[in-house]
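**Student:** Below is one structure. I have some questions about it.
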Amino acid sequence: MTIFVTRPEHDDMTFYLSTWIKLAMDFAESKGFKVIDFSKDRAIEKEVTKFLEKNNPKFVIFNGHGNNETIMGQKFETLIKSGKNEKLLKEKIVYAIACSAAAKLGNDCIKEGTTTFIGYDGLFSIVIENRHSANPLKDEFVKPFFEASNELIKSIIKGNTTETAFLSSQRVFDEWIRKLQLTGVTPESSYMLRELIWDKNRQKLLGKGDATLT
């Protein structure tokens with residue numbers, strides 16, 4: 001089974017996304033999946049289109065910037081856009097860690113045959129501890145956000161339905177929210193709590209909830 005991942009890496013946000021998603025990619029490989037990794041300058045429209053036209057990965061994961069109608073790759077290059085090339089994602093499970101992609105683009109993809117589209121219908125927000133910006137895996141501020149996100153991927157890889165994976169990710173969000181609510185209030189924890197609640201509420205599942213990789 002093949003999983004296709006885009007990992008642009010041209011600013012702080014995409015660097016964090018690219019680094020943390022590697023943990024989920026390593027997990028997939030440990031379970032016997034073949035992970036096709038289009039990182040940095042391979043995360044461009046020409047390369048992504050060529051691969052998706054010639055191959056049929058059942059699970060596609062996009063990391064990068066986005067808006068209501070677009071998922072972007074390296075240096076903000078458009079990869080998927082409403083009304084242009086949603087059919088590239090036909091009969092696929094898609095997880096888009098890209099701001100606002102589930103607001104319109106996700107629904108347009110479902111109309112064009114995407115099996116399940118999971119993403120965010122607003123900004124995907126994270127909190128960064130600046131002293132660890134060069135080594136995101138040491139950043140304890142951002143850890144809750146990506147643990148919740150990676151849980152969704154890991155759950156799908158384990159063979160669970162997309163709805164079960166979505167609920168599992170939501171549960172991890174809730175666990176971190178409760179943990180922060182029980183700790184002493186600091187400016188950092190207050191900010192993290194607000195953004196975790198935001199991301200949890202913005203995460204959406206569109207299309208089939210009973211889809212699996214098996």
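**Student:** Among the residues of segment 123-151 satisfying the criterion of being among the polar types (S, T, N, Q) and not in a loop (DSSP other than H, G, I, E, B), which is surrounded by the most Cβ atoms within 10 Å (Cβ to Cβ)?
**Tutor:** By that ranking, first place goes to SER149.
**Student:** Quick check: anything in segment 91-112 within 16 Å of ALA211 (Cα to Cα) and hydroxyl-bearing (Ser, Thr, Tyr)?
**Tutor:** yes
**Student:** Can you give me the number of residues within segment 1-32 that are among the hydrophobic types (A, V, I, L, M, F, W, C) and surrounded by fewer than 16 Cβ atoms within 10 Å (Cβ to Cβ)?
**Tutor:** 2
**Student:** Which residues, taken from segment 5-60, are under 18 Å from the mean Cα position of the chain (by Cα) and small (Gly, Ala, Ser)?
**Tutor:** SER18, ALA24, ALA28, SER39, ALA43
**Student:** Out of PHE59, PHE51, I need the residue that is out of contact with any helix residue (DSSP H, G or I) (no Cβ under 6 Å at 6 or more places or on another chain), closer than 17 Å to ILE156 by Cα and in contact (Cβ under 8 Å) with a residue 12 or more places away in the chain. Which one?
**Tutor:** Unique residue meeting the criteria: PHE59.
**Student:** Sort out which residues of segment 80-102 are more than 23 Å from TYR16 (Cα to Cα) and assigned to a loop (DSSP other than H, G, I, E, B), and write them in order of number.
**Tutor:** SER82, GLY83, LYS84, ASN85, LYS90, GLU91, LYS92, listed by residue number.
**Student:** Something else now. Considering every residue within segment 162-169, establish whether at least one is without any contact (Cβ under 8 Å) to a residue 24 or more places away in the chain, of a type in the set (Gly, Ala, Ser) and open to solvent by 70 Å² or more (accessible area, probe 1.4 Å).
**Tutor:** No.
**Student:** If I ask for residues that are more than 23 Å from PHE146 (Cα to Cα) and assigned to a strand (DSSP E or B), which ones from segment 60-79 would you list?
**Tutor:** THR78 - this is the single residue of segment 60-79 that is more than 23 Å from PHE146 (Cα to Cα) and assigned to a strand (DSSP E or B).
**Student:** Next question. Failed condition for THR19, given (1) under 23 Å from GLU147 (Cβ atoms); (2) modelled with pLDDT under 95, with all others met?
**Tutor:** The number of the failed condition is (2).
**Student:** Follow-up. Among ILE126, ILE157, which is the only one that is β-branched (Val, Ile, Thr) and closer than 17 Å to ASP199 by Cβ? Reasoning before the result, please.
**Tutor:** On the way: ILE157 fails: closer than 17 Å to ASP199 by Cβ.
Matching residue, one of ILE126, ILE157: ILE126.
The values are calculated or read from the model by the stated rules, or taken from the named source; none is laboratory data. Only a predicted model underlies this, so the values are computations on that prediction, with no experimental measurement involved. All Cβ positions, glycine included, derive from the backbone under ideal geometry; neighbour counts span all protein chains shown. Heavy atoms of the whole protein, side chains included, go into the accessibility calculation; ligands, DNA and RNA do not. Shrake-Rupley method; radii C 1.70, N 1.55, O 1.52, S 1.80 Å.
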